[in-house]
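Below: the structure, in structure tokens.
What follows draws every value from the coordinates through simple rules; no lab data is involved. Given the structure is predicted, the values throughout are model-derived calculations rather than measurements. Neighbour counts are summed over all protein chains in view; Cβ atoms, including those assigned to glycine, are modelled from backbone coordinates with ideal geometry.
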Amino acid sequence: PRPILLTRHGESRDNVRGRIGGDTVLSGQGEVYAKKLSNFVEKRLKNERAASIWTSTLQRTILTANQIVGFPKIQWRALDEINAGVCDGMTYEEIKKNMPEEYESRKKDKLRYRYPRGESYLDVIQRLEPVIIELERQRAPVVVVSHQAVLRALYAYFADRPLKEIPHIEGISWLHKLAQTPTTTKKHEHMHTQS
Ligand code: F6P
């Protein structure tokens, strides 16, 4: 088996202000995480010449991976954070106060709720399909640096968690190590759901 390492980006400036979405750079803490991650990855994948680092196209994942040297880096738009549409840049309190109906519908069914002009978790799960196919095809280790909602979906897929749990998985900022045998073909249970 070869490892797939999943990690969230280091803390961003928007994370500090509690704003969702956006495309800000890392906070001081986030930079500390980036440094620690690069030490960890360089040590862990020292003899893995074919390993690669996958990020989203957003600054916070690119900057988190920036200090990791010696491996090719690939940017995937499909690894970008859930698109919060009209709520992008707002805090959860602002959404609750200014768009109470949206707030309540999301609370009721976080998996299916789609932000106006944005995405639902089911949308995210669907757009991850090519990433998952490529991850399963790789024979070498891959480090995926992405975002909370996206990592919940990826983690659930590889750790065999049910669809309904995905939006509620906690602790997603930790580094998750999942061992995978290249020949495994998993049932894409949550890849073929209707949104
Ligand atoms: O707050 C950080 C963040 O990545 C937001 O950009 C995103 O909207 C949110 O987390 C996703 O988490 P949840 O689905 O729990 O709101």
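Quick notes on this structure:
- Among (1) more than 15 Å from Val150 (Cβ to Cβ); (2) surrounded by fewer than 18 Cβ atoms within 10 Å (Cβ to Cβ); (3) within 16 Å of the ligand (Cβ to nearest atom) - the single one Glu31 does not satisfy: (3)
- Tally, over the stretch 1-28, of residues that are within 16 Å of the ligand (Cβ to nearest atom) and either touching a Cys at 6+ places or on another chain (Cβ under 8 Å) or closer than 19 Å to Leu175 by Cα (or both): 12
- Neighbours by Cβ (under 9 Å, 6+ apart or cross-chain): first from the stretch 77-90, under 17 Å from Lys110 (Cα atoms); second part of a loop (DSSP other than H, G, I, E, B) and among the aromatic types (Phe, Trp, Tyr): Ile82/Tyr115; Asn83/Tyr115; Ala84/Tyr115; Gly85/Tyr115; Val86/Tyr115; Cys87/Tyr115; Asp88/Tyr115
- Hits in the stretch 109-147 - residues which are exposed (fewer than 15 other Cβ atoms within 10 Å of the Cβ), within 15 Å of the ligand (Cβ to nearest atom) and not acidic (Asp, Glu): Pro116, Arg117
- Residues (under 13 Å from Gly18 (Cα atoms) and surrounded by 18 or more Cβ atoms within 10 Å (Cβ to Cβ)) located in the stretch 89-108: Met90, Ile95
- Qualifying residue in the stretch 132-148 (condition: over 12 Å from Ile4 (Cα atoms), touching a helix residue (DSSP H, G or I) at 6+ places or on another chain (Cβ under 9 Å) and part of a helix (DSSP H, G or I)): no
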